[in-house]
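Visitor: Handing you this structure, nothing more for now.
The values are calculated or read from the model by the stated rules, or taken from the named source; none is laboratory data. Everything quoted here is computed from the prediction, not taken from an experiment. As a convention, Cβ positions derive from the backbone with ideal geometry for all residues, glycine included, and neighbour counts pool all protein chains shown.
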Amino acid sequence: MFATALSAPFWPLPLHRRLGSIAERSKQLVARLGLTNEDLCELMEAIAARKDRQAFSQLFAFFAPRVKGFGIRRGVDPAAAEEIAQEALLAVWRKAETFDRTKASVATWVFTIVRNKHIDLFRRHAYPEVDIEELAETADDAAPADRALASAQDGSAVREAMRNLPAEQLLILQKAFYEDKSHRTIADELGLPLGTVKSRIRLALARMRGALPEAVHDHD
Amino acid sequence: MITTDPSLQSVPIAHHPDPAVLLAYSAGTLCESVALAIACHASICRGCRDEIERLNTVGGAMISEASPAALGDDALNRVLARLDEPVPPAPLAPHLDAETRTVVPGPLQRYLSCSLSTLPWHRIGRSLEEARLPLSGSGVKTALVRIKPGRSVPRHSHAGLEYTLVLAGGYQDNGEDFRRGDYAEFDSSHEHQPVADADGGCLCLVILDAPLRLSGWLGRLINPFLRV
């Protein structure tokens, strides 16, 4: 994976940047190997605040190959996956002002854009999105602790929980995200009753909510 | 007339989509109509919105951890060249009156050409009115349905699936109450007869992925006229 990242082309830099310090260069190298959510947030905010093309180029270098890889994993042919990657990153540039680091991690936000581009391209309709403005006026019964967890997260707790999911739960999430399969199709493929697939999804969600201790496994 | 009394909205939502459906929403697997129903429910229901957000985080992690695939040499330059292109203007939103903006969740407002009161409502029998919505998907019918106060939908089952989301008022079905934000999914094994609240009737978003099958002798007479 690092080999691919390293072989990505250098983006065109202005002269003073091209002659920039070694530190600057190594920072860029690090950028292509891995960026924390904090780094990605700063890039997003530079794009939103001052249309920073350098920041965009770094974000592109990080996400575009991954978005293309994600598309290919989803069974999209490489040319279409590349088109989606370019369209998605263009949308990232255009929508940068709507990114809010207190609401979601950059990867999560980019994921929703990528998902919507997949649907645009293959199904020719816009994907109906949740209206987050609406909730302020509406009473509901979610536990306050739950709410705080969801709104304060940068996703790291959820990602951590995801890494610790039992394999049989993770497999179902992967089939949904990577293979675009419904729970009915997944149940058929795995030869499991629909109820078992549903209960695994429910357990995975509970774990990501922090509602279940690590040691609890589901019973079939 | 549909009741839009805000006090009705403070009743907690009792009926939520199955987590499997939230997963399908997040992953982008649902058809446009069902995705719309879920987006509307989650716009009203904080708990389901948080679940979707957590699932989106899983999607984000899958992108972060996807094996990178090399792009064409000029990919970045091609995108950089497009950054200053004018953004296509968003389609002009029709003016919606205050009642419509209160009752209809944001994701659904985008599919309305006019306010609720001026939609082309079609009467179906004596208890129902429906206004179809322009969504993709052949064989799927998506409509706003009004049930008159105290009236019932004829007892029926489904060849496929029926999805309903209550937007205003409420109904009773098999001894359970459904109010604003409540989401229900019925399959072919389920025969039911929803009865609208006596005081305000009910407004629902309804999705049918196959024609209704009415039960009883009257139903058998009417069935040939009901088409998705």
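Visitor: Could you tell me whether region B:174-181 includes any residue that is at positive phi and free of Cβ contacts under 8 Å to residues at least 40 places away in the same chain?
Guide: First, pick out the residues of region B:174-181 that are at positive phi: B:174-175, B:181.
Pick out the ones that are also free of Cβ contacts under 8 Å to residues at least 40 places away in the same chain and you get B:174-175.
Among the residues of region B:174-181, at least one is at positive phi and free of Cβ contacts under 8 Å to residues at least 40 places away in the same chain, which makes the answer yes.
Visitor: From the list A:Ala79, A:Ala96, A:Ala61, pick out the single residue that is under 30 Å from A:Lys175 (Cβ atoms) and buried (at least 19 other Cβ atoms within 10 Å of the Cβ). Break it down into steps so the answer makes sense when it comes.
Guide: Working: A:Ala79 fails: buried (at least 19 other Cβ atoms within 10 Å of the Cβ); A:Ala96 fails: under 30 Å from A:Lys175 (Cβ atoms).
From the options A:Ala79, A:Ala96, A:Ala61, the qualifying one is A:Ala61.
Rundown of residues vs (1) more than 14 Å from chain A (Cβ to nearest Cβ); (2) touching a strand residue (DSSP E or B) at 6+ places or on another chain (Cβ under 7 Å); (3) free of Cβ contacts under 8 Å to residues at least 12 places away in the same chain; (4) aromatic (Phe, Trp, Tyr), yes/no style:
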| residue | (1), (2), (3), (4) |
| --- | --- |
| B:Val87 | no, no, yes, no |
| B:Pro91 | no, no, yes, no |
| B:Ala98 | no, no, yes, no |
| B:Pro107 | no, no, no, no |
| B:Leu112 | no, no, no, no |
| B:Leu116 | yes, no, no, no |
| B:Gly139 | yes, no, no, no |
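Visitor: List pairs: first in region B:72-83 and part of a loop (DSSP other than H, G, I, E, B), second surrounded by 14 or more Cβ atoms within 10 Å (Cβ to Cβ) and at pLDDT 95 or above, Cβ under 6 Å, 6+ apart or cross-chain?
Guide: Within 6 Å, the pairs are B:Leu83/A:Trp93.
Visitor: Considering B:Tyr171, B:Tyr183, which residue is modelled with pLDDT of 90 or more, closer than 24 Å to B:Thr100 by Cα and in contact with a His (Cβ under 7 Å, 6 or more places away or on another chain)? Working first, answer last.
Guide: Numbers: B:Tyr171 fails: in contact with a His (Cβ under 7 Å, 6 or more places away or on another chain).
Exactly one of B:Tyr171, B:Tyr183 is modelled with pLDDT of 90 or more, closer than 24 Å to B:Thr100 by Cα and in contact with a His (Cβ under 7 Å, 6 or more places away or on another chain), namely B:Tyr183.
Visitor: Residue by residue through region B:32-71, note down the ones that are crowded, with 24+ Cβ neighbours inside 10 Å, facing chain A (nearest Cβ under 7 Å) and in contact with a His (Cβ under 8 Å, 6 or more places away or on another chain).
Guide: B:Cys45
Visitor: Residues that are facing chain B (nearest Cβ under 8 Å) and farther than 17 Å from B:Pro68 by Cβ: which helices (runs of 4 or more DSSP H) entirely in region A:24-128 hold 2 or more of them?
Guide: Answer list for region A:24-128: A:53-73, A:78-95, A:106-123.
Visitor: Within region B:72-102, take every residue that is touching a Leu at 6+ places or on another chain (Cβ under 8 Å) and hydrophobic (A, V, I, L, M, F, W, C) and give me the one that is surrounded by the fewest Cβ atoms within 10 Å (Cβ to Cβ).
Guide: Looking at the filtered set, the residue picked out is B:Leu83.
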